[in-house]
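The values are calculated or read from the model by the stated rules, or taken from the named source; none is laboratory data. Bear in mind that the values here come from a model prediction, so they are computed numbers and not experimental data. Backbone-built Cβ (ideal geometry, glycine too); neighbour counts: all protein chains shown.
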Amino acid sequence: LVLARHINRPISGLIEAAPERFGGLGMVPLQDVELATKELARIKSEYGLLGVEIGSNISGRSPGDAVFDPFFAEAERLDLAIFVHALHPAAVDRLVGPRQVEPFVSFPTDVGLAAASFITGRIPEKFPKLRIGFSHAGGTLAAFLPRLQSGWTKLPVLNRAFASPTDTARRFYYDNLAFDGRLLKHVIDV
């Protein structure tokens, strides 16, 4: 909480200095869901921020896990957006080579897994007014979304568990940091 407030104050100051140029996202200590949920009111009222940036996993837990539902309910109630960015990605132990390869492979993979958890965890169904965005053009989501949709279409256990993956993914927002025009076009097409 101390770190979050230390980060949020300067962001708020930048916005106050040039509100016609800047909007900002804050951070919350989401590893403590109750504390993070309470902090959302301060994000909006005291700091004047438009939402929060959260990690693609929270201490190894997918953000689509139902344990975070109270947080998303409060963000929706306050009309605060959620932006998901890779943070401490999972499975880095499977990478081979210098540690510096991690952000180039693991970050988009973890963002894709986070997006999948929002779909399979039914976050947009439970919180239909919540605006959710993903960094790096959704990471690997566009690569596996057609396969997930195929499974959802063919397996009753999946189509009873959550809404159409493709329809749900189209409700999300994505930045355009794909590093390749063809990939960005693919993300837009998917």
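Any idea which of L145, L158, L113 is part of a helix (DSSP H, G or I), more than 11 Å from the chain's Cα centre (by Cα), of a type in the set (A, V, I, L, M) and surrounded by 21 or more Cβ atoms within 10 Å (Cβ to Cβ)?
Values: L158 fails: surrounded by 21 or more Cβ atoms within 10 Å (Cβ to Cβ); L113 fails: more than 11 Å from the chain's Cα centre (by Cα).
None of the others qualify; the one that does is L145.
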Item to complete: Collect the residues in the range 9-50 that are out of contact with any helix residue (DSSP H, G or I) (no Cβ under 7 Å at 6 or more places or on another chain) and closer than 25 Å to P103 by Cα, keeping them in residue-number order.
Response: I11, L25, Q31
Worksheet item: Looking at (1) free of Cβ contacts under 8 Å to residues at least 24 places away in the same chain; (2) crowded, with 19+ Cβ neighbours inside 10 Å, which is the one condition that is false for V96?
Response: (2)
Practice prompt. Return the residue satisfying two criteria in turn: it lies in the range 161-179 and is modelled with pLDDT under 95 and more than 20 Å from G51 (Cα to Cα), and of such residues it is surrounded by the most Cβ atoms within 10 Å (Cβ to Cβ).
Written response: A178
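Matching residues to (1) surrounded by fewer than 19 Cβ atoms within 10 Å (Cβ to Cβ); (2) within 12 Å of the chain's Cα centre (by Cα):
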{"site": "V28", "(1), (2)": "no, no"}
{"site": "G48", "(1), (2)": "yes, no"}
{"site": "F72", "(1), (2)": "no, yes"}
{"site": "L80", "(1), (2)": "no, no"}
{"site": "P103", "(1), (2)": "yes, no"}
Worksheet entry | Members of the range 80-136 that are closer than 16 Å to G64 by Cα and of a type in the set (F, W, Y) | F83, F118, F127, F134
Practice prompt. Taking I11 as the residue in question, decide whether it is crowded, with 21+ Cβ neighbours inside 10 Å and either more than 17 Å from the chain's Cα centre (by Cα) or outside any helix (DSSP H, G or I) (or both).
Written response: no
